[in-house]
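A.B. asks: What follows is a structure written as structure tokens; I'll ask about it next.
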């Protein structure tokens, strides 16, 4: 595979995946934690748009392919052990979560309970209406 | 186990772990991606200091127990699927990485190569000198 040298440096897990943290440029908000295989990382780098591996659907997943909420990549980082990846993105539509919220991390632990802290910006039924 | 209700909401993986993204308050910098088991999350919540599960050493790991680079917790968040956790922390000493860097994510992909973008702030040998 061409351009694969940098992919060989990643320490893939037993399923051939690596966790990807996606952070919004500007706000610094952590939007999602997802997973990528080799193809997802390669396509992300080649297209400039975030691609992941959907573990539930078992397929390559171009973020926003249904919703239009594409993530434009600003940078791809990795950590000291190279067993995690960090995407810095511009989040089109300002919505990363399938619930219609800005970030998937909308639950905060308060006094031993998970509390929803972020509003739904758009009804999911209107996001995925087709 | 007391106070465990919120822990039951987490979707632990087959090893009883959940990935934890740790982000620095103020700078918004993503410092580390690590893993937690039930005990690590519970102790984090109870002590206000980040605890993880070290997969390599197979033991509970209070961040900074050797280096002094303790992480003071500001918040604990979880995502829509509750299969990931986000810690917001104050990073004591300003160093999260065992290499002596601020963040573990000091490698950036540029033109198909991983490039070190962050300086070593402190010699690791002086951090772990005992």
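The values are calculated or read from the model by the stated rules, or taken from the named source; none is laboratory data. The structure presented is a predicted model; accordingly, all values stated were derived computationally and were not measured. As a convention, Cβ positions derive from the backbone with ideal geometry for all residues, glycine included, and neighbour counts pool all protein chains shown.
A.B. asks: Take residue B:50 and tell me if it is farther than 14 Å from residue A:30 by Cβ, crowded, with 21+ Cβ neighbours inside 10 Å and either out of contact with any strand residue (DSSP E or B) (no Cβ under 9 Å at 6 or more places or on another chain) or at pLDDT 95 or above (or both).
C.D. replies: yes
A.B. asks: Here's something else I'd like to know. Taking into account only those residues within the range A:104-130 that are surrounded by 17 or more Cβ atoms within 10 Å (Cβ to Cβ) and touching a strand residue (DSSP E or B) at 6+ places or on another chain (Cβ under 8 Å), which is farthest from residue A:66 (Cα to Cα)?
C.D. replies: A:109
A.B. asks: Would you mention how many residues in the range A:28-47 are out of contact with any strand residue (DSSP E or B) (no Cβ under 9 Å at 6 or more places or on another chain) and closer than 20 Å to residue A:101 by Cβ?
C.D. replies: Residues in the range A:28-47 being out of contact with any strand residue (DSSP E or B) (no Cβ under 9 Å at 6 or more places or on another chain) and closer than 20 Å to residue A:101 by Cβ: 0 in total.
A.B. asks: Right, another one. Within the range A:28-39, can you find the residues that are assigned to a loop (DSSP other than H, G, I, E, B) and either more than 9 Å from chain B (Cβ to nearest Cβ) or in contact (Cβ under 8 Å) with a residue 24 or more places away in the chain (or both)?
C.D. replies: Correct list: A:29, A:37.
A.B. asks: Could you say which residue among B:32, B:25 is more than 22 Å from residue A:34 (Cβ to Cβ) and at pLDDT 95 or above?
C.D. replies: None of the others qualify; the one that does is B:25.
A.B. asks: Continuing with this model, one more query. Does at least one position in the range B:8-24 carry a residue that is within 13 Å of the chain's Cα centre (by Cα), more than 15 Å from residue A:19 (Cβ to Cβ) and either part of a loop (DSSP other than H, G, I, E, B) or at the interface with chain A (Cβ under 10 Å from one of its Cβ atoms) (or both)?
C.D. replies: Yes, there is a match, as at least one residue in the range B:8-24 is within 13 Å of the chain's Cα centre (by Cα), more than 15 Å from residue A:19 (Cβ to Cβ) and either part of a loop (DSSP other than H, G, I, E, B) or at the interface with chain A (Cβ under 10 Å from one of its Cβ atoms) (or both).
A.B. asks: Next up: Right, residue A:42: under 26 Å from residue B:115 (Cα atoms) and assigned to a helix (DSSP H, G or I) or not?
C.D. replies: Taking the combined requirement at face value, the residue satisfies it.
A.B. asks: A further question follows. Show the residue pairs meeting these rules: Cβ distance below 9 Å; 6+ apart or different chains; first residue within the range B:107-130 and touching a residue at least 24 places away in the same chain (Cβ under 8 Å) and away from chain A (no Cβ under 14 Å); second residue surrounded by 15 or more Cβ atoms within 10 Å (Cβ to Cβ) and assigned to a strand (DSSP E or B).
C.D. replies: none
A.B. asks: Run down A:112, A:100 and say which single residue is in contact with a helix residue (DSSP H, G or I) (Cβ under 6 Å, 6 or more places away or on another chain) and modelled with pLDDT under 95.
C.D. replies: A:112
A.B. asks: Within the range A:56-79, how many residues are loosely packed, with under 14 Cβ neighbours inside 10 Å and over 19 Å from residue A:95 (Cα atoms)?
C.D. replies: Of the residues in the range A:56-79, 4 are loosely packed, with under 14 Cβ neighbours inside 10 Å and over 19 Å from residue A:95 (Cα atoms).
A.B. asks: Looking for something at the interface with chain B (Cβ under 8 Å from one of its Cβ atoms), over 14 Å from the mean Cα position of the chain (by Cα) and either assigned to a strand (DSSP E or B) or surrounded by 13 or more Cβ atoms within 10 Å (Cβ to Cβ) (or both) - is there at least one such residue anywhere in the range A:86-99?
C.D. replies: Yes.
A.B. asks: Looking only at the range B:59-82, which residues are over 15 Å from residue B:40 (Cα atoms) and outside any strand (DSSP E or B)?
C.D. replies: Once the filter is applied, which keeps residues that are over 15 Å from residue B:40 (Cα atoms) and outside any strand (DSSP E or B), the range B:59-82 yields B:66, B:67, B:68, B:69, B:79, B:80, B:81, B:82.
A.B. asks: Look at residue A:16 and say whether it is in contact (Cβ under 8 Å) with a residue 24 or more places away in the chain, surrounded by fewer than 18 Cβ atoms within 10 Å (Cβ to Cβ) and on the phi > 0 side of the Ramachandran plot.
C.D. replies: Criteria not met by residue A:16.
A.B. asks: Just the residues that are away from every other protein chain (no Cβ under 14 Å) and within 16 Å of residue B:35 (Cα to Cα), please, taken from the range B:71-85.
C.D. replies: B:71, the sole residue that qualifies.
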